[in-house]
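I have placed the structure first, in the form of structure tokens, so that the comments after it can refer back to it.
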Amino acid sequence: MTRFFGRIWQYIKDMDKFLFLLIVVISSYSLLLLKSVSRAFESTNYFKTQLVAIILGMVGAWILTLIDYNAIASFWYLIAGFSIFLMVYTLLFGISIESTDGVNAKAWINLGVTTFQSSELVKIAFMITFAKHLSILKERELLRRFVHVALLGVHALIPIGLCHLQGDDGAAMIFFCMFLAMTFVAGVQLRYFAGLFGALIVAAPLAWQYVLKEYQKKRFTAAYNLDDPIVARGDGYQQYQGRLSIGSGKLWGRGLFEGPRVESNRVTFQQSDFVFSVAGEELGFIGCTLIILLLVFLLIRTLHNARVARDPLGTYICVGFFGMIAAQAIFNLGMCLAILPVMGVTLPFFSAGGSSAACLYFGYGLVQNVYLHHKEVDGFTLRRNR
């Protein structure tokens with residue numbers, strides 16, 4: 001028994017306690033917001049759903065910290081194979097969600113008692129498989145060769161393409177941002193990035209014409225025309241109402257559990273995509289600023305763990321988590337503030353969502369794993385190779 005408690009104490013001493021504290025504070029804040037949101041729904045209690053997701057996610061994160069991340073990554077081929085199977089299975093047999101504005105996404109699997117969004121777990125798998133891919137190329141000094149850089153692109157294009165086929169372009173963009181962050185830190189030459197962005201600029205008009213669906217085009221135009229009453233009542237309704245809720249809170253907000261717009265569910269999907277509007281109405285500018293600061297601290301701490309990691313693999317895993325959280329936060333806040341069009345991206349750790357919430361904690365577990373093992377050898381300095 002003494003040895004058991006001794007191991008627990010040693011685990012607590014070795015873990016990144018500041019990162020853990022950030023996750024606890026963020027999770028508590030999320031639960032408070034979703035407790036308020038639950039007032040607007042009689043049949044669904046988002047507070048309880050989120051609490052269960054947090055508990056399961058933290059248990060999963062703890063289990064992940066017990067296995068050296070190098071040992072986990074050694075099974076990269078199984079993880080990659082399972083990820084592809086999961087995405088293809090979802091595409092073929094998943095649940096479709098359709099709406100009157102043309103949305104038709106097939107990104108969920110029916111598990112009987114609940115649904116599961118496969119791309120959320122695959123994001124965590126991608127952190128591992130792509131980090132392993134990069135570390136192998138780094139070790140063999142192959143990152144400067146075009147064919148291997150192209151293969152990195154193919155690696156990323158698989159989940160990006162499958163997400164697009166599922167109708168979940170928001171998730172596809174998150175994978176793309178993770179790819180950019182990880183390859184940049186690994187030292188892929190800037191000329192490849194210049195070529196990529198040049199190709200994207202050239203392809204943008206073609207994508208608008210032939211790739212984007214009509215509802216996506218309407219979302220783009222609506223985001224920048226919310227002052228038009230017709231747009232505000234039509235395609236821009238969600239963003240317009242979200243902006244009103246955020247502005248109504250002013251500096252201190254109307255008070256937690258006191259927001260009338262929250263209770264009347266004026267903002268559609270306020271429990272997920274627009275949870276930031278709940279903070280804006282009930283806790284005001286101060287509450288919104290706190291959310292942003294907590295996420296910034298989380299990102300900074302993740303980069304710290306990337307910098308002190310014992311090897312490139314650990315660094316790339318942390319940077320993958322950084323890219324995922326940063327991209328989701330920027331896209332979601334951009335949506336809520338009507339800077340970017342609606343794209344179905346949730347606010348990490350704050351939005352309701354069983355599978356997405358739990359999987360984020362798995363990502364946290366991998367970052368914690370990297371920190372727990374960082375003292376075993378000298379740290380790997382986070383910098384680009386030139």
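Rule-based calculations on the coordinates, nothing more; no lab input. What you see is a predicted model; the values in this text were computed from it and never measured. Quick reminder, even Gly has a Cβ in these numbers, built from the backbone with ideal geometry, and neighbours come from all protein chains shown.
Explain nothing, just the number: relative contact order of segment 18-372, from Cα pairs under 8 Å at least 6 residues apart, as a whole percent.
That works out to 29 percent.
On a C-alpha basis, how far is the centre of segment 170-248 from the centre of segment 267-308 in Å? Whole number, if you could?
Their Cα centres are 20 Å away from one another.
Restricting to DSSP loop positions (anything but H, G, I, E, B) with no more than 12 other Cβ atoms inside 10 Å of their own Cβ, which trypsin sites (Lys or Arg not before Pro) remain in segment 102-202?
Answer in residue order: R140, R145.
Please enumerate, by chain and number, the lysines with C-alpha under 16 Å from the C-alpha of K213, excluding those fewer than 8 residues away in the same chain.
Counting by Cα, and skipping residues close in sequence, K213 has these lysines nearby: K106.
Tell me what the chain gives for mean residue ellipticity at 222 nm when only DSSP H runs of n ≥ 4 count, each as -39,500 (n - 2.57), the sum divided by the residue total, rounded to 500 deg cm²/dmol.
About -23000 deg cm²/dmol.
Can you give the net charge of the other residues whose Cβ lies under 15 Å from the Cβ of R140, counting K and R as +1 and D and E as -1?
+1
List, in order, the whole-Hz ³J(HN,Hα) value for each residue of segment 167-178 obtained from phi through the Karplus relation with A = 6.51, B = -1.76, C = 1.60 and θ = phi - 60°; use x for Gly and Pro.
Per residue, the Karplus-derived 3J(HN,Hα) values read x, 10, 6, x, 5, 4, 5, 5, 4, 4, 5, 4 Hz.
Which of the lysines could be linked to K132 by a straight reach, that is with a Cα gap under 25 Å, when you skip same-chain ones fewer than 8 residues away?
Candidates past the 8-residue exclusion: K123, K375.
If amide H atoms are built 1.01 Å from N in the plane of the peptide, which residues on other chains or at least 5 residues away come under 5 Å of the amide H of I109?
For I109, the qualifying residues are I95, F116, Q117, S118.
List the aspartates and glutamates whose Cα lies under 16 Å from the Cα of K138, skipping any in the same chain that are fewer than 8 positions away.
D311
For a test of the definition: using alpha carbon positions, the gyration tensor, and the 1.5 limit on a/c, classify segment 310-365 as rounded, prolate or oblate.
oblate
Indicate the gyration tensor shape class of segment 108-239 (rounded, prolate or oblate), computed on the Cα atoms with a ≥ b ≥ c the square roots of the eigenvalues: a/c under 1.5 is rounded; otherwise a/b larger than b/c is prolate and the rest oblate.
oblate
Given the options S27, A181, Q238, identify the residue whose Cα lies farthest towards the positive end of the charge dipole of segment 18-372 (+1 on Cβ of Lys, Arg; -1 on Cβ of Asp, Glu).
Among S27, A181, Q238, the one farthest towards the positive end of the dipole of segment 18-372 is A181.
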